[in-house]
Amino acid sequence: MRTFVNGLLLALGVLMGGCGDRHNIAHSAKLDGIDLQVEIYPSPPTPGYNEFKVSLKKSGDWRPVDNVIVEMGVRKGPQDPVVAWSMGMQDGLLGIYRRAVEIPSSGHWEAVIRVRKGEMEQQATFPLDVAP
């Protein structure tokens, strides 16, 4: 019986290990009082629309940050303007914001995430290598 249970647990572990997208692009940053994480699907990103999922948690206690404006976009480099800002859609009160963001072409890009609430505005950037 013990061998059966061990075998069952091993099989379950192997099956669960195959669940989910382990290769998604994930970046994180610390803003003033906010821990930000970005996941991008598909991975690697491709030209056209890619899903940006932004998670915001309060630094130190991991409570979700909601009722903020989250904008997402891409640009070629730090000196270039953002191609087009897209406002994230809040996913419940979980501190998660999603949006499809268009990446015009393959190559090296920079993802830009802007968080605004009242007069407060913070921004984080992450490198993106877009597959052809």
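Bear in mind these aren't lab numbers, they're just calculated from the coordinates by the rules spelled out. All values reported here derive from a predicted model rather than from experimental measurement. Because the Cβ atoms are built from the backbone with ideal geometry, glycine has one as well, and the counts that use them run over all protein chains shown.
Structure notes:
- Set of lysines near Lys53 by C-alpha distance (under 19 Å), chain-local residues within fewer than 8 positions excluded: Lys30, Lys117
- Among the GluC sites (Glu not before Pro) in region 61-132, those located in a DSSP loop and surrounded by at most 11 other Cβ atoms within 10 Å of their own Cβ are Glu119.
- Cα-projected label distance for Asp129 with Ile69, points at 7 Å along beta-carbon direction, nm: 3.5 nm
- Applying the Karplus relation 6.51 cos²θ - 1.76 cosθ + 1.60 with θ = phi - 60° to region 47-60 yields 3J(HN,Hα) values of x, x, 8, 10, 7, 9, 10, 10, 10, 10, 10, 6, 4, x Hz, where x marks Gly and Pro.
- Pair-distance distribution P(r) for region 47-129, from all Cα-Cα distances in 5 Å bins starting at 0: 3, 15, 25, 24, 16, 11, 5, 1 percent.
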